[in-house]
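Each value in this text was obtained by applying a stated rule to the coordinates, not by laboratory testing. On a predicted model such as this, the values are computed, not experimentally measured, just so you know. Positions of Cβ are generated from backbone atoms using ideal geometry, with glycine treated the same way; all protein chains shown enter the neighbour counts.
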Amino acid sequence: MPTNLLALNWKMNKTPSEARAWVGELTAQLPATAAELAIMAPAIALPAVAAELQGSALAIGGQDVSAHESGAYTGEISAAMLRDVGATYVIVGHSERRTYHAETSQVVAGKAAATIAGGLVPIVCVGEGLDVREKGEHVAYTLDQLRDSLAQVSLEGAHQLVIAYEPVWAIGTGKTATAQDAEELAAAIREALRGLYRDYADDVRILYGGSVKPGNIAEICTQPNVNGALVGGASLDVASVVGMAAAL
Ligand code: PEP
């Protein structure tokens with residue numbers, strides 16, 4: 001059974017100075033937890049977060065990465081650059097990237113492959129919108145997105161993989177999928193991963209994301225196929241992170 005991962009997605013929040021102060025506050029209060037914690041800070045804040053975390057077991061990660069190794073891609077950040085500042089993880093294919101930056105699953109596939117090639121672990125996000133859910137097509141839709149997003153991840157690369165099931169209608173809306181909804185998709189994703197990566201699928205962590213908070217994280221993360229959470233809104237508040245860590 002893989003260790004639960006609590007990945008905190010700050011999105012476009014916190015300057016480097018604010019990030020450093022926040023992390024100092026968190027580490028002073030963080031209870032012992034069986035889960036692994038990772039702070040997915042804006043890239044420019046990662047060095048400040050890494051410096052403040054020195055000596056702690058918390059990991060850091062990026063929120064996006066280029067599919068290219070290096071070169072003339074103005075504004076982009078490579079996996080090697082993230083690794084150099086101490087990152088372990090990168091979110092790829094977040095629904096906000098898919099929606100506001102027109103990232104297709106083909107683009108996400110290139111980013112997942114570049115992440116693994118650069119020595120980092122991609123947290124590959126998949127999940128349906130409300131229209132798809134209302135038509136009852138959420139399982140097929142999400143699994144199609146999953147297979148397309150993993151098209152360039154080999155069996156070997158599957159050792160370095162985290163999947164986040166994030167129904168878009170539950171992100172930042174306060175609407176949480178039920179623990180049963182999360183498990184339905186996590187189980188379907190596990191089965192699809194077995195088809196792609198055989199037994200390695202059992203070691204892939206499948207996170208749930210969408211309005212997770214201290215009050216609902218335990219029930220969601222004790223589902224058989226859910227191995228943690230990707231948290232947006234509640235990840236900005238120290239007391240909420242302390243509460244979620246204590247619940248895992
Ligand atoms: C997210 O951004 O990945 C997310 C799940 O956000 P929230 O927790 O705010 O719904």
Open item on the list: In whole Hz and in residue order, list the ³J(HN,Hα) couplings for region 121-129 that follow from phi through the Karplus curve 6.51 cos²θ - 1.76 cosθ + 1.60, θ = phi - 60°; x for Gly and Pro.
Closed with: 9, x, 9, 8, 8, 9, x, 9, x
Task: For His68, net neighbour charge (Lys/Arg +1, Asp/Glu -1) across residues whose Cβ lies under 10 Å away - done: -1
Task: Rel. contact order, % - alpha carbon contacts under 8 angstrom, at least six apart, the chain - done: 21
Open item on the list: Using a Debye calculation, one point per C-alpha and no hydration shell, please list log10 I(q)/I(0) for region 119-212 at q = 0.11, 0.12, 0.13 Å⁻¹ in order.
Closed with: -0.29, -0.35, -0.41
- [ ] Report, in whole Å, the centroid distance computed from the Cα atoms of region 131-146 and region 100-125.
- [x] 20
- [ ] Mind putting a number on the dipole of region 153-201 about its Cα centre? Charges go on the C-beta only, +1 for Lys and Arg and -1 for Asp and Glu, and I need it in Debye to the nearest 20.
- [x] 40
Task: Binned Cα-Cα distances of the chain, short to long, each 5 Å bin given as a whole percent - done: 1, 7, 15, 20, 21, 18, 12, 6, 1, 0
TODO: Select from region 47-93 those GluC sites (Glu not before Pro) which occupy a DSSP coil region and have at most 16 other Cβ atoms within 10 Å, ordered by residue number.
DONE: Glu69, Glu76
Open item on the list: From the helices alone, meaning DSSP H stretches of at least four residues, give me the mean residue ellipticity at 222 nm for the chain, per-run term -39500 (n - 2.57), in deg cm²/dmol to the nearest 500.
Closed with: -12000 deg cm²/dmol
Open item on the list: Test of understanding: express the Cα radius of gyration of region 204-248 as a ratio to 2.2 N^0.38 Å, with N the residue count.
Closed with: 1.04
- [ ] Please work out the C-alpha center-to-center distance from region 7-40 to region 172-248 and express it in whole Å.
- [x] 18
Task: Within-13-Å neighbourhood charge of Trp22 [Cβ basis; K, R +1; D, E -1] - done: -2
TODO: Give the dimensionless ratio obtained when the Cα radius of gyration of region 1-128 is divided by 2.2 N^0.38 Å.
DONE: 1.05
Open item on the list: Only Cα pairs within less than 10 Å get springs; with that Gaussian network setup on the chain, which residue of Asp199, Asp148, Asp64 has the largest fluctuation?
Closed with: Asp199
Task: Rounded to whole Hz, the Karplus (6.51, -1.76, 1.60) HN-Hα couplings of region 196-205, x for glycine and proline - done: 8, 10, 6, 5, 4, 4, 5, 8, 6, 7
- [ ] Of the listed pairs Lys11/Lys175; Lys14/Lys111; Lys14/Lys213; Lys11/Lys213; Lys135/Lys175; Lys111/Lys135, which have alpha-carbon separations greater than 23 Å here?
- [x] Lys14/Lys111; Lys111/Lys135
Open item on the list: Using the Karplus curve 6.51 cos²θ - 1.76 cosθ + 1.60 with θ = phi - 60°, what ³J(HN,Hα) values do you get for each residue of region 238-248, in whole Hz, with x for Gly and Pro?
Closed with: 4, 4, 5, 5, 4, x, 5, 4, 5, 7, 9
Task: Amide H contacts of Gly209 (H built 1.01 Å from N, under 5 Å, at least 5 apart or other chain) - done: Tyr165, Glu166, Leu230
